[in-house]
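> Take this structure first; my questions come after.
Quick note: the coordinates plus some simple rules give every number you see, no bench work behind them. Everything numeric in this text was worked out from a predicted model, so none of it was measured. Glycine also receives a Cβ, built like all others from the backbone with ideal geometry; neighbour counts cover every protein chain displayed.
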Amino acid sequence: MSKAVIAATRFGYGARPGELAGIAKNPEAWLLDQLQGPSRLHAAIRELPASSAMLVEVQDLRAKQRGKREIRDDGEIVKIYGPTVRQHYIDQVSARYRAAAESDTPFHERLVHFWSNHFAISADKQPMPAIAGLYENEAIRPNIGGKFADLLLAVEKHPAMILYLDNQRSIGPGSKIAKAANRRRKDQEFGLNENLAREILELHTLGVDGGYTQQDVTRFAKVITGWSIGGATERGRFSDGIPGTFQFREIVHEPGSQTILGKRYKSDGVEQGEAVLRDLAAHSSTARFIAGKLARHFIADEPPPTVVEKLSEAYLRTDGDLSAVYRELVEAEASWDAAHAKYKTPHDFVISTLRAFKHEPDNPRFIIGALDTMGQTPWKPGSPAGWPDTADQWGGADALYKRIEWSHAVSQVVGNRVNPVELGDDVLSDAFRPETRRAISRAETLVQGMTLLLASPDFQRR
Amino acid sequence: MLSRRDVLKSLGLTAMAGSLPRLAFAKTVLDARFVLVVLRGAVDGLALAAPYGDGNYQKLRGELAISKPGSTDGLLKLDGLFGLHPSLANVHQSFVAGHANVVHAIASPYRERSHFDGQDMLENGAARNGALRDGWLNRALLPLGSRLGNEAAIALAQNTPLVLRGDNSVTSWAPSRLPDADDGTLERLQRLYAHDEFFATRLEQALRSQDIAGGMDGMGNARGNDARQFAELMQSAARFLTSPEGPTIAVVELGGWDTHANQGSNNGALANRFAALDRGLGSLRDQLGDTWNRTVVTVVTEFGRTVRVNGTRGTDHGTGTAAIVLGGAVNGGKVIADWPGLGDKDLYAGRDLMPTRDLRSLFKGVLQDHLGLTPAFLDETVFPDSAAASPLQNLIRT
């Protein structure tokens, strides 16, 4: 298999017609150039509102409806809040998939989605559907080419992550507010919520076997008490800060120094947590964890350990410079080994199909419906662990059948204007096996031929 | 403002408008309904209408030969030479009533063996492959104009097929739930997956589960058989054609005719396909009600199949085939054929039914006598370079 095809399908999101010739001139450079300069934003993404404004909007909506519900219990909450949030979600999904389908820097897009999944929030918890895409574009997208520590800080300080993992509710047991409250009412709950601290250690940095203890989790949770969101809180306890943006609330922060992973962190307000995050980013467990995930995503479900080691070394050598890690990945021989093909996720499959057809997805419900049916609803992995990245998680019999049905459906919608043999030659090039080509050329109809092309192992792997 | 007559004049309908009283003209153009059924995959014309009276038929067709008229599940007699496939009972009923014709040994000008290219030429109406990028039925719409401001033609499909694509505005409609992947496509995928264990085992498991689940598709819906889905599509076509401001022309497609293996004879795979087609045509007729009397339906395919049976009890891509013209407006009860015979020297390229009539003759006959298009417009615009294929005469009741 030629390097151009591998660059386009394994590192990118599949070739658009006519794209392979340009990539073939220098596939490595084509990939690495995509990481230079600022992220080129698709217009649809540029037009999305800021998450701060969105949070204010949905919070207002909720407050209004709470008021209404007190007057008459007539289901108004569902009627106004639900559809509004849903529409914002649809707009953001639409922008995401249009950008990916039309992008001429698909490796960059894939990395954005990779990190968005690494730092997953799930839209099955309110108000995540209204801000999931905004979070991806604000916290992840601008930071994927720099230092991992900066990406990590941007993520953990983003209101979406704080809300998703409940950190705005976490209150230091020794904080000023807890002490004051405990003087008034002994039974009121003012306590730690370890959710965010645990997931940072387990999922975002060190990994589950990264060498931390429950004590580290608890202490880290104390360190990041006060990492909250400005404006009025749910119970109206605070109102300081700019609504919808990160706000450090000294009043709920656990005072005093904490020792985490054997290192002592002085009580310096927000800087205490930032220092922990920077050290976590520099940890060798984090290097190995990130290296392993990248190699699994780009090379194989079971990546060669030597490559993981090389990526990990590059990470540690450069103080977590992600561009250096990507360069190592692109230059690794195993990355270009056809035998290491990955089974596409539904997300990969849908985007590569849109790209092959040069189809501008003008109906986001069609995209959402497709991904929902195939088991990968956008930004809805159901847990902070994100979507799995191995074929055994996606390769069920019924899941394949649903891909076939969708191949057939999408072929009926857009597939009868293109000759599937020519399209296969164009976007798969030498990854288009002769037997697949022959089977498609013998198809009864263009729609049937296109269905065979999309459902073929040639197209289903990357 | 232009008068209707001026408009017609400018659009090439003058000969007709001048030769007929206005009322008759209006009736012809506005009341006539036309349905084009495109059978994709190359229908075996020798099974659709079998030449049981040809001495070579039994010999060449062997186990695929269909029993003679009068025998159990045998052919439905058309005349002394031809019998209709036993699954086509509704078509036969129309034939007996004088509202259906079979046109045999017919083919488009295409002489190669690719489905895609063959369908392209069937639909673009060109004399040569690749000569035209729009569809003949779209070009034919120009003088018909729009009907009360609405599109004159509709495709009962997700996406407009080539035959209706072009400069004139057309509409399309399909059920919101897209049809399931058909059995033919799944079989082809099974073959494609045969050498890839990951895909092969999973598809096999999935298909087994489908059977157990009693025919649910991948989307968790009950898997309708193709015949029911096609019948419903035909009913929808009829609803559009009878709605007061609806289109007067409809295009419907049905695939699954590429019978390379286990084609069957009186019964079997192809018989089931014919049954689906027949049921759909019956549904169309019933749903159209009185409008059926003003309707012409043509049923066509891109090319025929080999006369001899292949090594897998099927037939391969051929040339000459058969078409059906039916509807209350049809002057029927005939098999229209310059029968070339099935002797070794009679066959095209030594293997196919020799085409003795151009499909465009059939289309031109319908467009001229049923939809009122002029011969000049047909030859210049709808079917360029088709002068040799003169319109089939007397197809329409007068």
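> Using the basic label-point model (7 angstrom from Cα toward the beta carbon), what is the A:ASP104 to A:THR390 distance in nanometres?
3.9
> Return the long-range amide H neighbours of B:ALA155 (sequence gap of 5 or more, or a different chain), with a cut-off of under 5 Å between placed amide H atoms.
Answer set, sorted by chain and number: B:THR171, B:SER172, B:TRP173, B:VAL251.
> Quick one: check the C-alpha center-to-center distance for the stretch A:396-439 versus the stretch B:266-280, whole angstrom.
Centre-to-centre distance over Cα atoms comes out at 28 Å.
> If the only charges are +1 at each Lys and Arg Cβ and -1 at each Asp and Glu Cβ, what is the size of the charge dipole of the stretch A:346-460 around the Cα centre, to the nearest 20 debye?
Charge dipole of the stretch A:346-460: 200 debye, to the nearest 20.
> Taking the Cα-to-Cβ direction at B:SER71 and at B:THR171 and moving 7 Å from each Cα, how far apart do the two end points lie in nm?
Placing both labels 7 Å along Cα→Cβ, they lie 5.0 nm apart.
> Using a Förster distance of 35 angstrom, determine the FRET efficiency expected from the C-beta separation of B:GLU204 and A:ALA24, and round it to 0.05.
0.40
> Would you please give the residues with an amide H less than 5 Å from that of A:GLY241, counting only those at least 5 places away or on a separate chain, with H modeled from the backbone geometry?
A:GLY231
> Charges only on Cβ, +1 for Lys and Arg, -1 for Asp and Glu: so what's the dipole of chain A about the Cα centre, in debye to the nearest 20?
The calculation lands at about 1180 debye.
> Using all C-alpha to C-alpha distances in the protein assembly as shown, build P(r) with 20 Å bins and read off the rounded percent in each one.
Each 20 Å bin holds this share of Cα pairs: 14, 37, 28, 16, 5, 0.
> Sum -39500 (n - 2.57) across every DSSP H segment of at least 4 residues in chain A, then divide by the residue count to get the 222 nm mean residue ellipticity, nearest 500.
Computed mean residue ellipticity for chain A: -16000 deg cm²/dmol.
> Starting at the first residue of the stretch A:238-245, write each ³J(HN,Hα) from the Karplus equation 6.51 cos²θ - 1.76 cosθ + 1.60 with θ = phi - 60°, in whole Hz, x for Gly and Pro.
Karplus values, whole Hz, x for Gly and Pro: 10, 8, 6, x, 7, x, x, 10.
> In addition: For the stretch B:90-140, what are Rg and Dmax over the alpha carbons, in angstrom?
Rg, Dmax (Cα atoms, Å): 14.7, 40.
> As a test of the formula, what do you get for chain B when each DSSP H run with n ≥ 4 contributes -39,500 (n - 2.57) and the sum is divided by the residue count, at 222 nm and rounded to the nearest 500 deg cm²/dmol?
Counting only the DSSP helices, I get -9000 deg cm²/dmol.
> What spacing in nm lies between the two simple spin-label points modelled at A:LYS179 and A:LYS266, each 7 Å away from Cα in the Cβ direction?
Taking the two extended label points, one gets 2.0 nm.
> Whole-Hz ³J(HN,Hα) for each residue in the stretch A:200-213, computed from phi via Karplus 6.51 cos²θ - 1.76 cosθ + 1.60 with θ = phi - 60°, x for glycine and proline: what do you get?
Values, residue by residue: 4, 6, 7, 10, 9, 10, 6, x, 4, 9, x, x, 10, 10 Hz.
> How long are the three semi-axes of the equivalent ellipsoid of chain A, in whole Å, if each is the root of 5 times an eigenvalue of the C-alpha gyration tensor, listed from largest down? Write down the numbers at each step before the final one.
Numbers: eigenvalues 357, 154, 57 Å².
The equivalent ellipsoid of chain A has semi-axes of 42, 28, 17 Å.
> A follow-up question, please. Out of residues 5 or more away from A:PHE248 or on other chains, whose amide H comes under 5 Å of its own, with H placed 1.01 Å from N in the peptide plane?
Hits under the 5 Å cutoff: A:SER228.
> Relative contact order for chain A: what is it in percent, counting Cα pairs under 8 Å that are at least 6 residues apart?
Relative contact order here is 20 percent.
> Each residue of the stretch A:424-433 in order: what ³J(HN,Hα) in whole Hz does its phi give by Karplus 6.51 cos²θ - 1.76 cosθ + 1.60, θ = phi - 60°, with x for Gly and Pro?
Calculated HN-Hα couplings, in order: x, 4, 5, 9, 9, 6, 7, 7, 8, 6 Hz.
> Now, a different point. Relative to the present Cα-Cα distance, how much length would full extension add between B:ALA388 and B:ARG228 at 0.36 nm per residue of separation?
Length gained, B:ALA388 through B:ARG228: 53.6 nm.
> At a temperature of 10 °C and a viscosity of 1.306 mPa s, determine how fast chain B diffuses translationally according to Stokes-Einstein, using the Kirkwood radius over alpha-carbon pairs as Rh; express D in µm²/s, rounded to the nearest whole number.
D, rounded to a whole number, is 73 µm²/s.
> Around A:GLU102, with a cut-off of 9 angstrom between Cβ atoms, what is the net charge of the other residues, counting Lys and Arg +1 and Asp and Glu -1? Numbers along the way, then the final one.
Numbers: positive: A:ARG16, A:ARG98, A:ARG355, A:LYS358; negative: A:ASP104, A:GLU360.
Taking every Cβ under 9 Å from that of A:GLU102, the sum is +2.
> Charges only on Cβ, +1 for Lys and Arg, -1 for Asp and Glu: so what's the dipole of the protein assembly as shown about the Cα centre, in debye to the nearest 20?
Working: 99 positive and 102 negative charges, 328 e Å.
With only Lys, Arg, Asp and Glu charged at Cβ, the dipole is about 1580 debye.
> Here's another thing I want to ask about it. Alpha carbon centre of the stretch A:84-154 versus the stretch A:305-342: separation in Å?
23
> Report the per residue volume, in Å³, of the convex hull enclosing the C-alpha atoms of the stretch A:3-162.
Output value, Cα hull per residue: 112 Å³.
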